[in-house]
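> Okay, handing you the structure first.
Only the coordinates and a few stated rules stand behind these numbers; no lab work does. What you are looking at is a predicted structure, and each value in this text was computed from that prediction instead of being measured. All Cβ positions, even for glycine, are placed from backbone atoms using ideal geometry, and neighbour counts span all protein chains on display.
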Amino acid sequence: MIGILNYGSGNVTAISHSLQKNGIDSRIISTISEFSGISRMILPGVGAFSSAMKKLNNSGLRVEFERHVQVLQLPVLGICVGLQMLFENSEEGEAEGLGLISGKVIKLKKDTQESIRLPHIGWNQLHINKESHLFKKFGNQENPEFYFLHSYVINPLSKDVITASAFYESSFPVSVESNNIFGVQFHPEKSHKNGADLLKNYANVPTH
Amino acid sequence: MQMSLRIRVYPVLLLHKNQVYKTINFKNHIYVGDPLNAVRIFNEKKVDELLVLDIDATINKTPPNIELIKKISRECEMPLTYGGGVQSLEIAEKIIEAGVEKIAIGNYAIGNEDFVNKLCAIIGSQSVAGVVNFAKSVLDSEYYIYSTADMNLTQLLAIHHTQNLIGQGVGELILNSVDKDGTMSGYDNYFLKKIVHSSECAVSILGGAGKFEDLTDVIREVNTRVGLAAGSLFTFRGKYKSVLFSYLSEDERNELSKLDFS
């Protein structure tokens, strides 16, 4: 059973429907008691990093969520801003992130630091640079496409956690895997078949 | 490793009396079909995104139909933008909660620029699109904003209003030509060219696409990444405009993705 954190940000409905359409059981977690019986979690997120973190902090769910990730070691998949929240902080605003992965979140720029047309919006191809549970059986497609809608990107301290990158004016990480922690910058719930396949892969990620 | 972001091409559905209609120059409403059926067909065709606009809300002063939006969103497998009658932050948040990715603000942004600003702060700039309905004045040949509240040209220069929207932080501008709407005679590139090089947000063009070449022509002429939105092109087929929801063919997708631009 996948638990989707409903802390006030993120397209919980879209994720829930997408899972349902693909035969994956899920529950929307709005209260602490709803964590019961969950085998893995999804942390959604849209909008600004600081406002999403503020909502998570005020939701009453944060501590229990962190316990499930760090103590119970259940898998968690951060989506879009949800991925960014796994990190320490962001150039966008003053808020602190969850710090579950070392590194920060920075604004998309050209390599030359010139500003670019933002947000990064539309369908872009992934360059999968490491074996990840999320991309199992994507074999036929060398560079699968997913839907992106964001202006900030993650900058992990350790490049080892990066499982895929994309290119828009410069190359940047778009997915991570670190033990039980997974994250994607794009929106699998809105990426047609590739998104569905990724979510199915996540549903089958082995638990410890 | 250089791969690129594809040019976005997406259909537009106009909601009138909770059904899909098409217009010409924002008038002459023709019934097209059921919105959920349209969404299902577009799902199958794997369209890039979908823009749904309620064209009654502003003129009738009615709020968005949240129940219908929820149904459309539940059905829709691609990113969804909704516009029409969004006049409060609460309504905007409800619509986002219903599963919509982006909110489009058109008429209400005229004179209410700080609403746009606040909306961007709450739901994020990337989730806010400013719809710029523009038309050419017969008096001075300048482009002005068209009001969907009065169904008339205002005295607000389109370029000024667009710059206001950019200043308010919209993630995207949707430049919608009233003169070209429903005519299938090609996009109006003139205004697009003025905007696209003086803006750093995403830009889409809408109004007038009648054949595939209209899409490639725009990209070649502005030589930059632009979202291509179309209503009639993906709704009608043939001389007699029979209703047939369609999308790009595989060949057309490939041709678009090969276009070179800066």
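> For a test of understanding, tell me how many lysine pairs in region B:32-121 have Cα atoms under 29 Å apart, given they are 8 or more places apart or on different chains.
Total qualifying Lys-Lys pairs in region B:32-121 comes to 22.
> Given an 8 Å cut-off on Cα distances and at least 6 residues of separation, report the relative contact order of chain A as a percent.
Dividing the mean separation by the residue count of chain A yields 20 percent.
> From the gyration tensor of the Cα coordinates in region B:98-234, what semi-axes in whole Å does the equivalent ellipsoid have, largest first, with each one equal to sqrt(5λ)? Display every interim value, and only then the final one.
On the way: eigenvalues 101, 66, 40 Å².
Taking √(5λ) for each Cα gyration eigenvalue gives 22, 18, 14 Å.
> With a 10 Å cut-off between alpha carbons and a GNM built on chain B, which of B:138, B:218, B:52 moves the most?
B:138
> Also: Taking amide H positions as placed in the peptide plane 1.01 Å from N, state which residues far from residue B:173 in sequence (5 or more) or on other chains have amide H under 5 Å from it.
B:130, B:202, B:203, B:204
> Moving on. Could you list which residues have their amide H under 5 Å from that of residue A:152, counting only those 5 or more apart in sequence or on another chain, with H placed in the peptide plane?
Excluding prolines and chain starts, which carry no amide H, the hits are A:108.
> In addition: Please report, for the Cα atoms of region B:57-147, the Rg to one decimal and the Dmax as a whole number; what are they, in angstrom?
That works out to 14.4, 46 Å for Rg and Dmax.
> Convert each backbone phi in region B:168-180 into a coupling constant with the Karplus relation 6.51 cos²θ - 1.76 cosθ + 1.60 (shift: θ = phi - 60°), then list the ³J(HN,Hα) values in order as whole Hz, x for Gly and Pro.
Couplings: 7, x, 4, x, 8, 10, 10, 8, 10, 7, 5, 5, 9 Hz.
> Please report, in Å, the Rg and the Dmax of the protein assembly as shown, where both are computed over Cα atoms only.
Here Rg and the maximum Cα pair distance are 21.6, 73 Å.
> Which residue, B:246, B:198, B:125, has the most motion in a Gaussian network model of chain B that connects Cα atoms within less than 10 Å?
B:198
> Which cross-chain or sequence-distant (5 or more) residues have an amide H under 5 Å from the amide H of residue B:47, H modelled 1.01 Å from N in plane?
Result for residue B:47 returns nothing.
> Is the shape of chain B rounded, prolate or oblate, going by the alpha carbon gyration tensor and its root eigenvalues a ≥ b ≥ c, with a/c under 1.5 for rounded and a/b larger than b/c for prolate?
On the way: a/c = 1.20, a/b = 1.07, b/c = 1.13.
It is rounded, given that a/c, with a ≥ b ≥ c, falls under 1.5.
> Return the sequence-ordered ³J(HN,Hα) values of region B:206-217 in whole Hz as given by the Karplus equation 6.51 cos²θ - 1.76 cosθ + 1.60 applied to θ = phi - 60°, using x for Gly and Pro.
8, x, x, 4, x, 8, 3, 4, 4, 6, 5, 4
> Here is a further query. Between beta-carbons, use under 10 Å as the cut-off and find the net charge around residue B:208, counting Lys and Arg +1, Asp and Glu -1. The partial results should precede the final answer.
On the way: positive: B:180; negative: B:179, B:181, B:188, B:214.
With Lys, Arg at +1 and Asp, Glu at -1, the net is -3.
> Check the straight Cα-Cα distances from residue A:190 and name the aspartates and glutamates below 13 Å, setting aside those fewer than 8 residues away within the same chain.
Excluding near neighbours in sequence, the set is A:145, B:48, B:49, B:75, B:77, B:101.
> Let me know the mean shielding of A:40-48 by other chains, meaning the per-residue number of their Cβ atoms within 10 Å of its Cβ.
Values: counts 0, 0, 0, 0, 0, 1, 7, 9, 7.
Taking the mean over all residues of the peptide, I get 3.
> May I ask you to list the aspartates and glutamates whose Cα is less than 19 Å away from that of residue A:109, ignoring any residue fewer than eight positions away on the same chain?
The qualifying aspartates and glutamates are A:91, A:92, A:169, B:172, B:200.
> Turning to a different aspect of this structure: In deg cm²/dmol, rounded to 500, what helix-only [θ] at 222 nm does chain A give when every DSSP H run of at least 4 residues adds -39500 (n - 2.57) and the total is split over its residues?
Computed mean residue ellipticity for chain A: -6500 deg cm²/dmol.
> Provide the per-residue ³J(HN,Hα) series for region A:157-167, in order, calculated from phi with Karplus coefficients 6.51, -1.76, 1.60 and θ = phi - 60°, each as a whole number of Hz, with x at glycine and proline positions.
Couplings: 5, 9, 5, 5, 7, 7, 10, 7, 10, 9, 10 Hz.
> Between their Cα atoms, which of A:130/A:193; A:104/B:194; A:193/B:239 are more than 31 Å away from each other?
Result: A:104/B:194; A:193/B:239 exceed 31 Å.
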